[in-house]
Amino acid sequence: DFTINGLFYDVADFSVIDYVGGVEDVQRGIVRTIRDPWTRFQEDPIRLLRAIKFAARLGFRIEAKTWDALCESREAITKCAPPRVFEDFARLLEEGSACRSLELLEESGLLGLMEPHLDRYLVEAGRGKMVEDHDGELLFRLLEAADEIRAEGRQLSRAVLFAAWIMPLVLEEGLLSGSNPDAIVRKAAHRVLQPIGVSRRDGERVQQILLAQRRLRPKSKKRASAPKAFHQKSYFGESVDLFELFVKASGHWTEELDYWRSFRRQPRAGRDEPSGESSPRKRKRRRVRRRRTE
């Protein structure tokens, strides 16, 4: 796709074989397509996301002609199969350069095509709009916190990263203070996760993690109600991970984070069940029917 990943390595003499000028582009920190960029992006629009991935992850700049073609070809991304979009989009978030990836998606216009609701939020938030006492930079700070955690060697789940991706939207709708959080989260998940190919199962996990934030926040009425039962939930650890991102992004509630981390260090009794409950019944073996002989 690009000159920087179009290099070959000769194991016989330990030399790099370069037919496309990739070595020079690596040295100069440039992302450039092999041959005409407009044609390459039209052939496979997923290359639009891969160009952004390389630039963000390596700290390179996209060569001017390649960048112009990327911006002009951005509408082609809508022709890609959702599973392919999901996989490459997820990599933008999980490889330690999510914040820079968001900046490039926004600058290129790809964000407006892939995530119109989120793009609209960023445009409005950029005008000084406050969301739950936080400014329009909240999403960037959440992703920056995720990148810092990745740099420390920890790997956040995709569910946590996608929950962070839509968290500003659900906060705007009143996740922490509203009277119908389930509807708020369900609506945001449908609007934001579906266009990038997130499966229904993964989307439900994201919703669980987001709804759990109401229990993790200070002065939550549910905090005092059976925290031990809550920490047995399969999504508890991921909920604390998202809460950590929010604490890092906002600078608040560090004591609350320590409190919930103490439960995370305790062993879980079982999946989604409080300790002491009976184990599930054993499956009965199915009887194999014998064929009737004529």
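Where a number appears in this text, it was derived from the coordinates with a stated rule and is not lab data. Just so you know, these numbers come straight off a predicted model, no measurement behind them. Glycine gets a Cβ as well: all are built from the backbone with ideal geometry, and neighbour counts include every protein chain shown.
When you count the other C-beta atoms within 10 angstrom of each residue and take the mean per peptide, 165-175, 194-204, 74-84 line up highest first as 165-175, 194-204, 74-84.
Give the order of PHE236, PHE60, PHE8, PHE162 when sorted by the count of other beta carbons within 10 angstrom, beginning with the fewest.
By the 10 Å Cβ count, ascending, the order reads PHE8, PHE60, PHE236, PHE162.
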